[in-house]
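Presented below is the structure to which this report refers.
The values are calculated or read from the model by the stated rules, or taken from the named source; none is laboratory data. Nothing here was measured: the structure is a model prediction, and the numbers come from that model. Note that each Cβ is placed from the backbone with ideal geometry, even for glycine, and that neighbours are counted across all protein chains shown. Only protein heavy atoms, including side chains, enter the accessible area calculation; ligands, DNA and RNA are left aside. Shrake-Rupley method; radii C 1.70, N 1.55, O 1.52, S 1.80 Å.
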Amino acid sequence: MAERIEQRLEDRIPELEQLERVGLFTRKEIRAVLRKASALEYKIQRRALRKEDFINYIQYEVNLLELIKKRRARIGYSFKKDEIEHSILHRVHSLFNRATGKWKDDVQLWLSHVAFCKQWNAKHQLSKVFSTMLAIHSNKPALWIMAAKWEMETRLSSESARHLFLRALRFHPECPKLYQEYFRMELMHAEKQRKEKKEFEQAKMDLGEFNYSEEILNGEMARIVYRDASQKIKGVEFQLAVLSIAKLFDFTQDLQKEILESLQTRYADDPLTWDYMARRELELGSLQPTEHTTKQKKVSEMAQREERCCAVFDEAVRAVPTEDMWKCYITFCLERYKRKTNSEELKQKRLERTLSVFSKAHEFSLLPEALYKQWLQLLLDSNLSEKAVEVAEAAARHFSQSVETWQMRLQVLIQLKKDDVTQCFEEAIKHVKPKGTLPLWTLWVEWSEATNSKEDTEALYQRSLHATTPAESVTMKEMYLDWTYRNGGYKKVKRLFTSLCENRPFSLEFFRKMIQIEKEQESCKMLHLREYYERALREFGSTNTDLWLDYIKEELNHPKGKPENCGSIHWRAMKMLQGDLVEDFVSKYTLLQTGHL
């Protein structure tokens, strides 16, 4: 091994001598490079190879290349690159080849090699890297696309890119992304040839030896790709993706028309098809001449376009009366309403249209639950409070077992300060299953705290503890404790804490809150703190290291604390904590003893 390393270091000597001779590095720096290289070489020649050693070596060589580049720029010396950089680049490629050969499955390692080749313009080497990588990772379409894009955009080789896409499709015959990028590549190739032909014609050059096929120029290759893909890939999303790519090129009108016809024929019942057809009306040019148009005319024209969109949507909801279709219609109306405009008339028209569409969807019972919240917010923002109450009530009737819908209705009533809030809460609790009602109870007690008497609120808290599931009652206990301290004082909250401790489960925050309350008292008693810590440790002592440490700190820092108890607390913690928590506790306890915690 030593002989091999010595040989590798000797191979470096010519480039290092050149670096010193041309003044890029000093003799001291050359020695430092040799020492570092020797250490790195020994690490990658061991029997038990580590990926990190290769990465560190590669990073060192890359940093060396960057340093040489900066020093060349500083002194203005640009010669001897073959003797210096070429040697280092060759070594980096060798390191990458060894690493990727050893850890073939590490895609990130391959991509790092690709990035290095691109950075240093090693085109020949990059072709080899892509070839080897794709032979191993042929199951990853993204890598095929990356390789084909590089062939097309950097090497300007449409033929190589096409060959790669065809190979990729043999492995992934139903991959939408591959077909989309292949389709785009063929259109880019056609556009490139059209530009070349135009330049030749402008220069009045003889096109005899150049054969520009009219079919290729018009995107026939892309059409073939599209037709083949359409037979294998179903779904309107793919059709729309291909159509959006075709629209980027100005010579694809016939192709766009074919895709559009296929979309309307094969996916006439899909809401996304109707959504696209409706939104397309916005993109179509104005029917009026665009020269010398005033602001008023522009507003009028936009209003007409939106009306045309809505006419298509109206037809859509008649043809496809589903929740998804109405959702598309409402989403469009909301998008238009949120767009900024200086025209109050247009803004009002958009608002009226949006509210009308919401109402129609609701009448047909096809308004999704999630959209009711947006409808209510729109009504409240428009000061239509009575309508908002009516809609919230209808939503709660329609989705009577949904906590979110009842919560939404209650928030509307609370915001508008209605009288029947309590009645509505009772109705909600009656309809909804006990599991998951925590948001309703928290909303109810928060409202009661601000509105009702202390007695009513306390009775509500007591009721909530029995009505919620054990897991959810934990939150209610925390809120109850906090409210009692704010409204009843220390003695009352202590009695409540003792009472609540009779029924599990508890949260750590429940105990911490009581500990904090005790510490806020003028005569903070260590006896009480010990009681609270002991109760908390019975529940969470096996899973929480900080609780033990806080207990030890209290004994050390409290005026009535007993530092001699710390040893027994530490011993108990070591016995009770589980797994890696013991090591974590020991580390933190050591920091505490040395005053660093």
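Please verify whether residue 554 is free of Cβ contacts under 8 Å to residues at least 24 places away in the same chain, over 30 Å from residue 449 (Cβ atoms), part of a helix (DSSP H, G or I) and open to solvent by 10 Å² or more (accessible area, probe 1.4 Å), treating the condition exactly as stated.
no
Somewhere in the stretch 495-504, is a residue in contact with a Cys (Cβ under 7 Å, 6 or more places away or on another chain), farther than 20 Å from residue 449 by Cβ and open to solvent by 30 Å² or more (accessible area, probe 1.4 Å)?
no
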Across the stretch 311-323, what is the total count of residues that are in contact with an Asp or Glu (Cβ under 9 Å, 6 or more places away or on another chain) and outside any loop (DSSP other than H, G, I, E, B)?
5
Checklist (1) at pLDDT 90 or above; (2) surrounded by 14 or more Cβ atoms within 10 Å (Cβ to Cβ); (3) not charged (D, E, K, R) applied to residue 219, failing item:
(1)
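Output yes when any residue across the stretch 246-267 is open to solvent by 60 Å² or more (accessible area, probe 1.4 Å), over 30 Å from residue 193 (Cα atoms) and of a type outside the set (S, T, N, Q), and no when none is.
Taking the stretch 246-267 as the starting set, the residues that turn out to be open to solvent by 60 Å² or more (accessible area, probe 1.4 Å) are 247-248, 250, 253-254, 257, 261, 264-266.
From what's left, over 30 Å from residue 193 (Cα atoms): 264-266.
Now drop any that are not of a type outside the set (S, T, N, Q), which leaves 266.
Scanning the stretch 246-267, I find at least one residue that is open to solvent by 60 Å² or more (accessible area, probe 1.4 Å), over 30 Å from residue 193 (Cα atoms) and of a type outside the set (S, T, N, Q), so the answer is yes.
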Residue set 16, 40; condition within 17 Å of residue 81 (Cα to Cα), surrounded by 14 or more Cβ atoms within 10 Å (Cβ to Cβ), at pLDDT 90 or above and of a type in the set (A, V, I, L, M, F, W, C); output residue 16
Given the criteria of a type in the set (D, E, K, R) and either open to solvent by 80 Å² or more (accessible area, probe 1.4 Å) or free of Cβ contacts under 8 Å to residues at least 24 places away in the same chain (or both), does residue 315 qualify?
yes
All positions within the stretch 390-406 that are open to solvent by 50 Å² or more (accessible area, probe 1.4 Å), of a type outside the set (Lys, Arg) and part of a helix (DSSP H, G or I)
390, 393, 398, 404
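Residue by residue, here is whether (1) in a helix (DSSP H, G or I); (2) touching a strand residue (DSSP E or B) at 6+ places or on another chain (Cβ under 8 Å); (3) crowded, with 16+ Cβ neighbours inside 10 Å; (4) basic (Lys, Arg) holds:
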| site | (1), (2), (3), (4) |
| --- | --- |
| 484 | yes, no, yes, no |
| 487 | yes, no, no, no |
| 492 | yes, no, no, yes |
| 533 | yes, no, yes, no |
| 537 | yes, no, yes, no |
Could you check residue 194 against (1) in contact (Cβ under 8 Å) with a residue 40 or more places away in the chain; (2) under 34 Å from the mean Cα position of the chain (by Cα) and say which number it fails?
(2)
Taking residue 395, is it of a type in the set (A, V, I, L, M, F, W, C) and under 30 Å from residue 434 (Cα atoms)?
yes
The stretch 345-367, residues that are open to solvent by less than 20 Å² (accessible area, probe 1.4 Å) and outside any helix (DSSP H, G or I)
367
Being aromatic (Phe, Trp, Tyr) and over 23 Å from residue 115 (Cα atoms) narrows it down to one residue among 54, 79; which is it?
79
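Please verify whether the stretch 69-88 includes one or more residues that are within 28 Å of residue 142 (Cβ to Cβ) and either free of Cβ contacts under 8 Å to residues at least 60 places away in the same chain or open to solvent by 90 Å² or more (accessible area, probe 1.4 Å) (or both). Spell out how you get there, then give the answer.
Keep residues of the stretch 69-88 that are within 28 Å of residue 142 (Cβ to Cβ), which gives none.
Checked against the condition, which is being within 28 Å of residue 142 (Cβ to Cβ) and either free of Cβ contacts under 8 Å to residues at least 60 places away in the same chain or open to solvent by 90 Å² or more (accessible area, probe 1.4 Å) (or both), the stretch 69-88 yields no hits at all.
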Residue that is modelled with pLDDT under 95, under 30 Å from residue 181 (Cα atoms), under 32 Å from the mean Cα position of the chain (by Cα) and not in a helix (DSSP H, G or I), where the choices are 269, 250
269
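For the subset of the stretch 172-199 comprising residues that are basic (Lys, Arg) and modelled with pLDDT of 95 or more, which member is least open to solvent (accessible area, probe 1.4 Å)?
Taking the stretch 172-199 first, the residues basic (Lys, Arg) are 177, 184, 192, 194-195, 197-198.
Narrowing the set further to residues that are modelled with pLDDT of 95 or more leaves 177, 184.
Values: 177: 101, 184: 66 Å².
Among them, the one singled out is 184.
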Residues of the stretch 555-597 being within 25 Å of residue 526 (Cβ to Cβ) and among the hydrophobic types (A, V, I, L, M, F, W, C), which ones?
556, 566, 569, 571, 573, 574, 576, 577, 585, 591, 592, 597
Limited to the stretch 407-438, what total is found for residues that are assigned to a helix (DSSP H, G or I), within 35 Å of the chain's Cα centre (by Cα) and surrounded by fewer than 16 Cβ atoms within 10 Å (Cβ to Cβ)?
1
Cβ-Cβ distance below 7 Å, separation of 6 or more or different chains: which pairs start in the stretch 383-408 with a residue that is closer than 14 Å to residue 370 by Cβ and end on one that is among the β-branched types (Val, Ile, Thr)?
395/405; 399/405; 403/432; 403/437
Among the residues of the stretch 317-367, write down those that are of a type in the set (S, T, N, Q) and touching a Cys at 6+ places or on another chain (Cβ under 7 Å).
354
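Please tell me if residue 91 is modelled with pLDDT of 90 or more and either open to solvent by less than 40 Å² (accessible area, probe 1.4 Å) or on the phi > 0 side of the Ramachandran plot (or both).
Numbers: modelled with pLDDT of 90 or more: yes; either open to solvent by less than 40 Å² (accessible area, probe 1.4 Å) or on the phi > 0 side of the Ramachandran plot (or both): yes.
Taking the combined requirement at face value, the residue satisfies it.
Report whether or not residue 573 is buried (at least 19 other Cβ atoms within 10 Å of the Cβ), free of Cβ contacts under 8 Å to residues at least 60 places away in the same chain, within 18 Å of residue 482 (Cβ to Cβ) and small (Gly, Ala, Ser). Walk me through how you get there before you give the answer.
Details: buried (at least 19 other Cβ atoms within 10 Å of the Cβ): yes; free of Cβ contacts under 8 Å to residues at least 60 places away in the same chain: yes; within 18 Å of residue 482 (Cβ to Cβ): no; small (Gly, Ala, Ser): yes.
No, not satisfied.
Among the listed residues 509, 478, which satisfies the condition of being open to solvent by 60 Å² or more (accessible area, probe 1.4 Å), in contact (Cβ under 8 Å) with a residue 24 or more places away in the chain, farther than 19 Å from residue 406 by Cα and in a helix (DSSP H, G or I)? Before you say what the answer is, go through the steps one by one.
Numbers: 478 fails: open to solvent by 60 Å² or more (accessible area, probe 1.4 Å).
The conditions single out 509.
Please specify each residue of the stretch 94-108 satisfying the condition of being of a type outside the set (Gly, Ala, Ser) and part of a helix (DSSP H, G or I). It would help to see each step written out before you state the result.
At the first step, the residues of the stretch 94-108 found to be of a type outside the set (Gly, Ala, Ser) are 95-98, 100, 102-108.
95, 96, 97, 98, 100, 102, 107, 108, listed by residue number.
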Return yes or no: is residue 473 open to solvent by less than 20 Å² (accessible area, probe 1.4 Å) and without any contact (Cβ under 8 Å) to a residue 40 or more places away in the chain?
yes
